[in-house]
Amino acid sequence: MKKLLKKVLPASLILKLLGIKPSINLYFIRLFASNGFLASLYFTFFSSQFRREHKAVLQGRLAYARSLKQIGVSCVLLRRNIHRLEKGLIMQPRRKIFAEDYIGETVNCYLNALNSKELCTEERKWATDVLAAYFSVVGSSKLIDAARRNFQAVNSPLQGSESIPYPHKTLPECPVSYQQLYTLFQRRRSVRWYQPIPVADSLIQQAVQAAALAPSACNRQPFRFYVVNDAAKAATVAQCAMGTVGFADNLQCVIAVVGDLSAYPDERDRHVIYIDGALAAMQLMLACETLGLSTCPINWPDIEQREQMLAQKLGLAYYQRTIMLLAVGYAQADGGIAFSQKKVTPTLIKDVSKD
Ligand SMILES: Cc1cc2nc3c(=O)[nH]c(=O)nc-3n(C[C@H](O)[C@H](O)[C@H](O)COP(=O)(O)O)c2cc1C
């Protein structure tokens, strides 16, 4: 159509039309942005930009349902509900009866998880210990007692060194001053120029171990780090993103931070993978810095063709969404660092307590 119009219309008219195209676009967007129904129409008929996300969210819901039947190394429902029990246990004041509405579901899920040969030992222990702690303090009701019987049929009471809530005073003292932390933050800059030195797998593992300590909604940790620790392969992965033009070939190691939408039964949590994944990525970058490694976050654009390219290279399921790529390696001492002026504190704070 575009080609045909270019042929039949005079050049002066084409230039005029191109000139007014942005304002026509804005006119339409203003119309469709005026209410939710019209916005949905826009994304149904005029833009397919959200299509992959929509499909991924639905596929995630299906995968979530499947994951409850075939429990692997980790079970998302168990993680969420055990964490809810932890919050009930530390509640001030703790209620006599709590978690009544989901304790049956939790114990059923726990018993299924016990049958899974794949469930990791740590998750099994955490769930067992928290459930034992719960049943040792919670009061009695028909639902709770039924769940208690099911749990106690396969478990004995707690026996020391449990993975259960503990008082704040038992945490280690903070060994870093504000100034030391601030210096670490100043040192972490986006590094695009690396020495041709391979990165030891053990350092990546250490950095990921630190990243795993990041907070995540309901402790689900719905992400995974896809590590490409090979310069040639890292370059091909980095090229799938758009922001690596000119320096992709120089990267030694690239990590894709991948979110997993199969962690959620509802659409309302679809953004949590990006939040949790980004928090973990930040910890990973800072940990790298302490290990002598530099990093650069690389934007992952939601573009169908690029999604397909990366999904193929990393073997991603449709409900897995790339959050960002991270370049990792040893910085070239003379490699340039963009100044990237930060916003100043007053512009970042809006104190609404005095409004
Ligand atoms: C989510 C995200 C995506 C980014 N994508 C790119 C990218 O595609 N290419 C690039 O060269 N830098 C990228 N960056 C790095 C930013 O340009 C950089 O963080 C910013 O300029 C601030 O500089 P600093 O990281 O050195 O503090 C990205 C950073 C973030 C957080």
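Things worth noting here:
So that you can scan it fast, the table gives a plain yes or no per residue for (1) away from the ligand (no atom under 16 Å from the Cβ); (2) among the hydroxyl-bearing types (Ser, Thr, Tyr); (3) in the same structural domain as SER202 (by TED's automatic domain parsing):
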site	(1), (2), (3)
ASP266	yes, no, yes
GLN283	no, no, yes
LEU286	no, no, yes
PRO297	no, no, yes
ALA311	yes, no, yes
ALA317	yes, no, yes
LEU325	no, no, yes
ILE337	no, no, no
LYS354	yes, no, no
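- Of all residues in the range 1-54 being surrounded by 10 or more Cβ atoms within 10 Å (Cβ to Cβ) and of a type in the set (Ser, Thr, Tyr), the one that is nearest to TYR318 (Cα to Cα): SER48
A quick yes/no check of all residues on (1) in the same structural domain as ASP101 (by TED's automatic domain parsing); (2) among the hydrophobic types (A, V, I, L, M, F, W, C); (3) in a loop (DSSP other than H, G, I, E, B); (4) closer than 25 Å to PRO93 by Cα:
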| position | (1), (2), (3), (4) |
| --- | --- |
| ASP129 | yes, no, no, yes |
| ALA132 | yes, yes, no, yes |
| SER136 | yes, no, no, yes |
| SER140 | yes, no, yes, yes |
| LEU143 | yes, yes, no, yes |
| ARG148 | yes, no, no, yes |
| SER161 | no, no, yes, yes |
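- Per-region count, the range 172-194, residues of a type in the set (S, T, N, Q), more than 16 Å from the ligand (Cβ to nearest atom) and open to solvent by 70 Å² or more (accessible area, probe 1.4 Å): 2
- Contact map, the range 90-101: residues that are at negative phi paired with residues that are open to solvent by 70 Å² or more (accessible area, probe 1.4 Å), Cβ distance under 6 Å, separation 6+ or inter-chain. Pairs shown: GLU100/LEU143.
- Breaking point among (1) without any contact (Cβ under 8 Å) to a residue 40 or more places away in the chain; (2) assigned to a helix (DSSP H, G or I), for SER47: (2)
- All conditions but one from (1) open to solvent by 10 Å² or more (accessible area, probe 1.4 Å); (2) of a type in the set (Phe, Trp, Tyr); (3) away from the ligand (no atom under 13 Å from the Cβ) apply to TYR274; the one that does not is (3).
- Hey, MET242 part of a helix (DSSP H, G or I) and within 21 Å of the chain's Cα centre (by Cα) or not: no
- Residue-level analysis places THR322 outside the set of residues that are among the β-branched types (Val, Ile, Thr) and assigned to a helix (DSSP H, G or I).
- Residue satisfying all of: in the range 55-71; open to solvent by less than 70 Å² (accessible area, probe 1.4 Å) and within 19 Å of the chain's Cα centre (by Cα); nearest to ASP260 (Cα to Cα) among these: GLY60
- Scan of the range 134-145 for residues that are open to solvent by 40 Å² or more (accessible area, probe 1.4 Å) and in contact with a helix residue (DSSP H, G or I) (Cβ under 8 Å, 6 or more places away or on another chain), ordered by number: VAL137, LEU143
The values are calculated or read from the model by the stated rules, or taken from the named source; none is laboratory data. For clarity, every value in this text was computed on a predicted model and none was experimentally measured. Positions of Cβ are backbone-derived with ideal geometry, glycine not excepted, and every protein chain shown enters the neighbour counts. For the accessible areas, the whole protein counts, side chains as well, though only heavy atoms, and no ligand, DNA or RNA atoms are used. Shrake-Rupley method; radii C 1.70, N 1.55, O 1.52, S 1.80 Å.
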